[in-house]
Amino acid sequence: MPTNFDFLKNTDKNLYEIISDAEMLYRDEYFEQCMGQTRRFAENVCKNVLGSKRTTENTFDQMLATLKDNSQGSEQEKEFIEDLYFLKKCGNKSVHSSSVKQNGIDALECLQRAFEVAINYSVYNKKASKENLNLHFDVKLLATGKRDKNLAKKYAQAEKSVKNKTDKTKTTKSKTKLKQQTAMKSCPKQNKITPYWIVVSIFSIVSFFTAIFLLIIK
């Protein structure tokens, strides 16, 4: 039966079997056990990523601390470690819980986070194809064991819609800016004294003195 984690088959068979079991547990509505299994998956991923850098670390907490200390601070690493912490926390809660809550929403988020961890691990640690970065978690496949053939199309349409909205916003802003610039250009600042008024002033002065002169000689 196909799973969301089939891309791990040829990358790490052990991890694939762990996380595919988690999907089956979810499908059978064993949500607490599913979260515990995703925690086991996350711990094994952490152990594999540390590799030779792991020395005396035995617990998941210790391994996560070492992984965090060795991080280069990239956004991809931050998200990866954050997902591992989330899976550890939820897994611990489900394992140590005194009652069975049957929380399908939390279990689903754990599987989705495990999916992101798996992609990150396969591409950046195991050097698998970067095409894995384009994979999307298929909820229909999780629930029914059958792939949603329209899923990729739906994501492509959603991405196109977001892009069109962004482009439209940029175009509107550009038009507004151009309109403001045009309005500013159409209203140039006027000079306080123009050549016309200088000439008018000169002739006025000449006329004034001429009138006085004529009055005097009469």
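The values are calculated or read from the model by the stated rules, or taken from the named source; none is laboratory data. This structure is a prediction, so every number in the text was calculated from the model and none was measured. With ideal geometry, Cβ positions are generated from the backbone for all residues, glycine too; neighbour counts draw on all protein chains shown. Heads up: the accessible areas ignore ligands, DNA and RNA and are worked out on the full protein's heavy atoms, side chains in. Shrake-Rupley method; radii C 1.70, N 1.55, O 1.52, S 1.80 Å.
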**Study point:** When each of K68/K127; K53/K93; K68/K93; K9/K47; K89/K127 is checked by Cα-Cα distance, pairs over 25 Å
**Key:** K53/K93; K89/K127
Point to revise | Sulfur and carbon atoms: percent of accessible area, the stretch 1-142 [1.4 Å] | key: 45
Revision key, fill the gap. Mean Cβ-within-10 Å packing, highest first, puts peptides 77-89, 36-48, 134-146 in the order 36-48, 77-89, 134-146
Exercise for review: Give, rounded to the nearest 20 debye, the magnitude of the charge dipole that the stretch 49-98 has about its Cα centre when Lys and Arg contribute +1 at Cβ and Asp and Glu contribute -1 at Cβ.
Suggested key: 220
Practice item. Excluding residues on the same chain fewer than 8 positions from K88, give the aspartates and glutamates whose Cα lies under 15 Å from its Cα. Key: E32, E43, D61, E79, D106, E109, E116
Practice item. Just need the relative contact order of the stretch 1-130 here, percent rounded to a whole number, with Cα pairs under 8 Å and 6+ apart. Key: 34
Check your understanding: Can you pull out the trypsin sites (Lys or Arg not before Pro) in the stretch 1-35 that DSSP calls coil and that have at most 16 other Cβ atoms within 10 Å?
Key -> K9
Exercise for review: Under a cut-off of 18 Å between alpha-carbon atoms, report the aspartates and glutamates in cross-link reach of K146, not counting same-chain residues fewer than 8 places apart.
Suggested key: D6, D21, E23, D28, E29, D138
Practice item. Determine the shape class of the stretch 1-129: with a ≥ b ≥ c the square roots of the Cα gyration tensor eigenvalues, call it rounded for a/c under 1.5, and otherwise prolate if a/b is greater than b/c, oblate otherwise. Key: oblate
